Amino acid sequence: MTELPPSRPLTTDTEVCYQVIKYRLMRCYGQVIEFVHIIEPQPYEEVLKLDLKLLEIHQMIPPHLEFGTLDEMKNDLSSRIMEKFILKCFWHKSVCILHRKYWDSAPSDTPENGQWVYSRKSSLGSAIAMLELQNIMHQAAGPGGCMSKMKW
């Protein structure tokens, strides 16, 4: 072969699709970690730029790697369910970490801090979503659940 075949789109379920999506998510997660550890105060616009990157990555997740309900995933392999769970958890964790400086800022009815309402809603929404994910996986790992054979 003198030339590599063309790449398949991420919407096609391939052996490496999960790794590609996870790589992109982890790169952005790394940028979030670096950003929150900068000592000097950073403009809020930088938080919003990183948030936009996270949203773009979330939209890139193909349907076959989207975490769903237990009924929707009942025919999936345990390894595929774990892949879906890991992607969703890391995305929500990234959002929580990115917005955590602003979630407990002054009340939203204070005009100068009204801009941080988005961060408060985002971090709280992601934290609740992570708890819901853990609850779903707890049910799945219970006796008779689709993950019970993994002994998780």
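The values are calculated or read from the model by the stated rules, or taken from the named source; none is laboratory data. Keep in mind that what you see is a predicted model, and the values were worked out from it rather than measured. Counting neighbours? That spans all protein chains shown, and the Cβs are built from the backbone with ideal geometry, glycine included. SASA here: full protein model, heavy atoms, side chains in, ligands and nucleic acids out. Shrake-Rupley method; radii C 1.70, N 1.55, O 1.52, S 1.80 Å.
Residues in segment 1-57 that are closer than 17 Å to residue 101 by Cα and in a loop (DSSP other than H, G, I, E, B): 37, 38, 39, 40, 41, 42, 43. Scanning segment 49-71 for residues that are more than 18 Å from residue 24 (Cα to Cα) and either loosely packed, with under 14 Cβ neighbours inside 10 Å or without any contact (Cβ under 8 Å) to a residue 60 or more places away in the chain (or both) yields 68, 69, 71.
Here residue 111 does not fit the description of being at pLDDT 90 or above and not aromatic (Phe, Trp, Tyr). The residue of segment 21-48 that is nearest to residue 122 (Cα to Cα), among those that are exposed (fewer than 13 other Cβ atoms within 10 Å of the Cβ) and of a type in the set (Val, Ile, Thr), is 33. Got at least one residue in segment 86-107 being at pLDDT below 90, among the polar types (S, T, N, Q) and open to solvent by less than 40 Å² (accessible area, probe 1.4 Å)? So far as segment 86-107 goes, yes, one or more of its residues are at pLDDT below 90, among the polar types (S, T, N, Q) and open to solvent by less than 40 Å² (accessible area, probe 1.4 Å).
Residue 8 falls short on exactly one of the conditions (1) open to solvent by less than 50 Å² (accessible area, probe 1.4 Å); (2) farther than 15 Å from residue 95 by Cβ, and that condition is (1).
Would you point out the residue of segment 72-85, among those that are surrounded by fewer than 18 Cβ atoms within 10 Å (Cβ to Cβ) and not aliphatic (A, V, I, L, M), that is nearest to residue 151 (Cα to Cα)?
The selected residue is 78.
A quick yes/no check of all residues on (1) surrounded by 13 or more Cβ atoms within 10 Å (Cβ to Cβ); (2) modelled with pLDDT of 90 or more; (3) assigned to a helix (DSSP H, G or I); (4) basic (Lys, Arg):
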position: 116; (1), (2), (3), (4): yes, no, yes, no
position: 120; (1), (2), (3), (4): yes, no, yes, yes
position: 126; (1), (2), (3), (4): yes, yes, yes, no
position: 131; (1), (2), (3), (4): no, yes, yes, no
position: 140; (1), (2), (3), (4): yes, no, yes, no
position: 144; (1), (2), (3), (4): no, no, no, no
position: 149; (1), (2), (3), (4): no, no, yes, yes
